[in-house]
Amino acid sequence: MDIVGKNVERLDARAKATGAAKFTVDIREVGMLTAKFLRSPYSFAQIVSVDTSEAEKMPGVYGFVDQLDLVGRTTHHDILDDKIRFFGEAVVGVAAETEELALEALEKVQVTYRVLPGVLDFESSAKEDAPRVWPGGNVATWRGASPVSQGSSLRWEKGNTQEAIEKADHKVSITVKTHTQFHGALEPHACTASWDPGMEVLRMNISSQGVYGNQEDIASSLHLNLDQVQVTAGFVGGGFGSKAHNTCKEYLMSAILAQRTLRPVRYEPERSEECITALRHEATFSYELAADNDGTVKGISMKAYRVGGAHTSLQMNFLLGSTEYVAPTYLRSPNVCYEGWSVYTNMPLCAAYRGFGYFEGGIGFAEAVDMLAEEIGMDPVEFLLKNVPVKGDPVSTDQGPLTTAGIRETVQACADAIRWKAKYHVPGGRKLPDGRMHGIGLCHAMGRATLPNFVTSGNATVQVKMDGSVRVFAGISDIGQGQATAIKQIAAESVGVPFDAVSVTWGDTVAPHTGDQVASSTTMMTGNAVKLAGDDARRQIIEVAARLLKEPEENLQVKNGFVSSIADPEKRMPVSAVIKSPGVKVITGNGNWSITDIQASPRSLVVTACEVAVDTETGKIQLLNMVQGTDCGRAICKTRVEGQLDGVLSGGVGYVLSEDCAIDFKDNGRILNLNLYDYKMPTALDCVDILQPGIIMEFPDEVGPYGARGMGEATLSASAPAIMNAVYNAIGIRFEATPLTCDKVLKAIKAKQNKESI
Amino acid sequence: MMDSQKKIKLKVNGREHCFTIGDGCGEIPASETLVETIRERLLLTGTKRPCNEGGCGGCTVLIDGKPSLSCSTLTSECDGKQITTIEGLEDPVTHELHPIQQAFIDLDAIQCGMCTPGITLTAKALLDNNPDPTRQEVAEALAGNICRCTGYEKYFDGILLAAKRMRETANNGKGE
């Protein structure tokens, strides 16, 4: 291969380095108005009336939209009504010449609320007599909101799990509660909207990782044809899942304001607004695991209890991520069952977050695995090596054959890199010279790498132009991982032109519908479509060139911008000459790609090994050393895979060691630290000299383009459990809740000391 | 308040801009922050405003060479100051980038790019004062710049590479 696998410069590197890149928040148009929103002071209320008459009189104030205008329109998979369902939800929007004017106008708006009793956490929502967030009931199911009396959201079983667990030589159980997390993308969920009355097109820029979903939601809500809405997401300042399938109400309201005022409108949430746009919600997981004396896993039973927030959104998908991605996938076991609940609450939207549910679901799982290994008396790494699935094993709910081949090898490589054999010890078995306790942990995490064909397909178009240059239309957004550059590499490779000959139209619904940038699926879904489109274009180039060169098609190849005879490379012509030849002028290649889970199950993989030091006087955990490894099938660009692995230090490590949402459940579930200084995301000082170079294993995946398989989403998900298990190894305390902030660790240490002294 | 009218001059990336502080049309309110002036009036949107309350460092610019949070600085207080934004680092004639920018590109340090301008300017101030920093010193300098994508790893590497290249250039200059 000439281009795939090379460390090419990312196509947006210079634009980002120089500040020239225009993110959604940077876009300004002549006559642009600013939208601001009045937000609900209640977690659940009916909007009785909205009076904007005083505010309308203000000069410079152009238009309003409110919740009552949205009744009957759909977003987050719910048909909106006259109720708001979480504290801080947008109630009234205004468009004005300046932000100050908009805020002044909102002060003059009168809203009459009828406050309703709500439910803020799992326990209060999952009661039969609980107030209902939506009329159907509080339990999310694939069929819609359902009453608690109808039971759980989903369940699945293979074999006979309870019997297997009873019969096995060893069994363990644990219940772990995980906490709420902000995504913390530096660019908020911003948008611009402008209505072109001539072409009858609504043009929107949205800071999004799924422009096609936004397009569908907005078009259907505004009763426009799909292609009367064009959504663009050129440069996106991070997403981590929060911008997937998330057509914020504010986007709809901004679009309506643009239509009403016939002026372009921009909306940029303040950080306090951004923080409640989407959350990783709290959840509880119970596990029972069993194995025989030789360490063979016999049964895995899992129960998941998720808070789902106020909207249907991706609750069920997220629950699936918490359950089926983990219990029937992480380890081989003949008997597996899981049951999951996701309940509506009067809290903000439940959004995807790196490690689509398996981040939090995997924490308790890995703790249970660690307990089971200890119970049997086996080294935890040996236990993993014995039980992780291998290529061809049935995984997940559909039990499709796994195509990920290098799980054992990656576990072993990470264990070697951290010198596991030399460093692993019994819990509490090693004190460092400075008095702190040393601990070590290693875990793996696996996510998806495709989406099934009933969800989406990958589509792309490649156009070869008269000068031999190539335009790829692949509408995925690039929220930072460098997908647009990977698309460029794949297109150059498949057509057979130099890297620099290719331009990419990404993050734009003018390109054919393709999968959203979720589930680490872009590499396979859209990557395969681009490869097929490139192959199609190359085939057509050869078809024309065969006539011009008077050579059979099968004797021709396209390489580096030239069509040449395979036998006699001197016999050649530039691609540009082929395109310029009579009757051609452009060659268009199309690619469409999809798959079902039953056909094949490619799973992304990340392994984390780490060492910690625990100060038993203060409860402070210091991460001493961490190594991340992946088998990504084939790295389209290694430096970019490394960059993904490095990202663990913020969202993954931060989740366990410092980040925590202060939620006031007595006051409407309002979150008190909606900013970036009371909410403690890791800084550079927390990350220096910790991470070893990432380990990249390449066992080509039969499903992926050139063997490549996405891996970004899984990068955080092995870190949290690795730290939890390392802390256990250090001080012998098995934590059953996150985060492990100093106060909680110290409390647990004191409790253990008290217990031991009795 | 009529008496608060005041003319100020800012030099942004070497170009002089004059403003009148006041409440009138086209005047800058005394409460306007530097990030607003830079982004909304000068349209230099390379300076980001991720949190607008001093919590993330994304709005960092250099004021007389010192890294400063432009969201927490009043424009009215910048009279006579030299301000450098990310747009001011590229050589306007040769289009050569600052060594920090070039190193970030070479090492593939940038992901989403929202924190990049602030980090670049913070790092420039560091290297202007300390041409040979340790990794720890780089981390200390960047402690106020939040990045959610990269774990800071490749930024550390990039800044150290840029420092090395800048020292080599300086030494070569002496040798000639």
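Quick notes
- Segment A:501-511, residues that are in contact (Cβ under 8 Å) with a residue 60 or more places away in the chain and either more than 13 Å from residue A:484 (Cβ to Cβ) or surrounded by fewer than 22 Cβ atoms within 10 Å (Cβ to Cβ) (or both): A:501, A:508, A:509, A:510
- Residues in segment A:364-379 that are of a type in the set (Val, Ile, Thr) and in contact with an Asp or Glu (Cβ under 9 Å, 6 or more places away or on another chain): 1 in all.
- Any hit, segment A:32-42, residues being surrounded by fewer than 15 Cβ atoms within 10 Å (Cβ to Cβ) and away from chain B (no Cβ under 12 Å): no
- Within segment A:127-150, residues that are farther than 20 Å from residue A:77 by Cβ reach partners that are aliphatic (A, V, I, L, M) and in a loop (DSSP other than H, G, I, E, B) with beta carbons closer than 8 Å, at six or more positions or on different chains, in the pairs A:130/A:119; A:131/A:116; A:131/A:119; A:148/A:126; A:148/A:130.
- Scanning segment B:31-47 for residues that are closer than 12 Å to residue B:59 by Cβ and assigned to a loop (DSSP other than H, G, I, E, B) yields a total of 4.
- Taking segment B:45-66 as the range and being away from chain A (no Cβ under 14 Å) and within 10 Å of the chain's Cα centre (by Cα) as the test, the residues that pass are B:63, B:65, B:66.
- Within segment A:163-185, residues that are in a helix (DSSP H, G or I) have Cβ atoms under 7 Å from residues that are acidic (Asp, Glu) in these pairs: A:165/A:288, counting only partners at least 6 apart in sequence or on another chain.
- The residues in segment A:273-316 that are among the hydroxyl-bearing types (Ser, Thr, Tyr) and in contact with a helix residue (DSSP H, G or I) (Cβ under 8 Å, 6 or more places away or on another chain) can be counted, and the count is 6.
- Flag for residue A:640 being more than 8 Å from every other protein chain (Cβ to nearest Cβ) and either touching a residue at least 40 places away in the same chain (Cβ under 8 Å) or under 17 Å from residue A:238 (Cβ atoms) (or both): no
- Sole exception among (1) within 11 Å of chain A (Cβ to nearest Cβ); (2) closer than 27 Å to residue B:148 by Cβ for residue B:69, by number: (1)
- The residues of segment A:650-697 that are surrounded by fewer than 18 Cβ atoms within 10 Å (Cβ to Cβ), touching a Gly at 6+ places or on another chain (Cβ under 8 Å) and either free of Cβ contacts under 8 Å to residues at least 12 places away in the same chain or among the hydrophobic types (A, V, I, L, M, F, W, C) (or both) amount to a single one, A:677.
- Options A:370, A:434, A:398: the member that is part of a helix (DSSP H, G or I) and modelled with pLDDT of 95 or more: A:370
- Residue match in segment A:525-543 (condition: in the same structural domain as residue A:481 (by TED's automatic domain parsing) and not in a helix (DSSP H, G or I)): no
- Condition check for residue A:6: more than 11 Å from every other protein chain (Cβ to nearest Cβ), within 26 Å of residue A:105 (Cβ to Cβ) and of a type in the set (Lys, Arg): no
- Selection within segment A:1-31 - in a loop (DSSP other than H, G, I, E, B), of a type in the set (A, V, I, L, M, F, W, C) and over 11 Å from residue B:45 (Cα atoms): A:1, A:3, A:4, A:8, A:11, A:30
- Verdict on residue B:77 being charged (D, E, K, R) and within 11 Å of another protein chain (Cβ to nearest Cβ): no
- With respect to the conditions (1) closer than 30 Å to residue B:106 by Cα; (2) under 27 Å from the mean Cα position of the chain (by Cα), residue A:18 falls short on a single one, namely (2).
- Selection from segment B:131-170 of residues that are free of Cβ contacts under 8 Å to residues at least 40 places away in the same chain, at the interface with chain A (Cβ under 9 Å from one of its Cβ atoms) and in a loop (DSSP other than H, G, I, E, B): B:147, B:148, B:149, B:151, B:152
- Applying the condition of being at the interface with another protein chain (Cβ under 7 Å from one of its Cβ atoms) and outside any helix (DSSP H, G or I) to segment B:108-123 and asking which residue is nearest to residue A:16 (Cα to Cα) yields B:113.
- Qualifying positions in segment A:454-467 - over 17 Å from residue A:536 (Cβ atoms) and not polar (S, T, N, Q): A:454, A:455, A:466, A:467
- Every condition in (1) buried (at least 21 other Cβ atoms within 10 Å of the Cβ); (2) within 12 Å of chain A (Cβ to nearest Cβ); (3) in contact (Cβ under 8 Å) with a residue 24 or more places away in the chain is met by residue B:83 except one, and the failing one is (2).
- Some residue of segment B:86-107 being surrounded by fewer than 22 Cβ atoms within 10 Å (Cβ to Cβ) and more than 12 Å from chain A (Cβ to nearest Cβ): yes
- Comparison of A:377, A:392, A:355 shows that the only residue that is of a type in the set (Gly, Ala, Ser) and surrounded by 24 or more Cβ atoms within 10 Å (Cβ to Cβ) is A:355.
The values are calculated or read from the model by the stated rules, or taken from the named source; none is laboratory data. All values reported here derive from a predicted model rather than from experimental measurement. Neighbour counts are summed over all protein chains in view; Cβ atoms, including those assigned to glycine, are modelled from backbone coordinates with ideal geometry.
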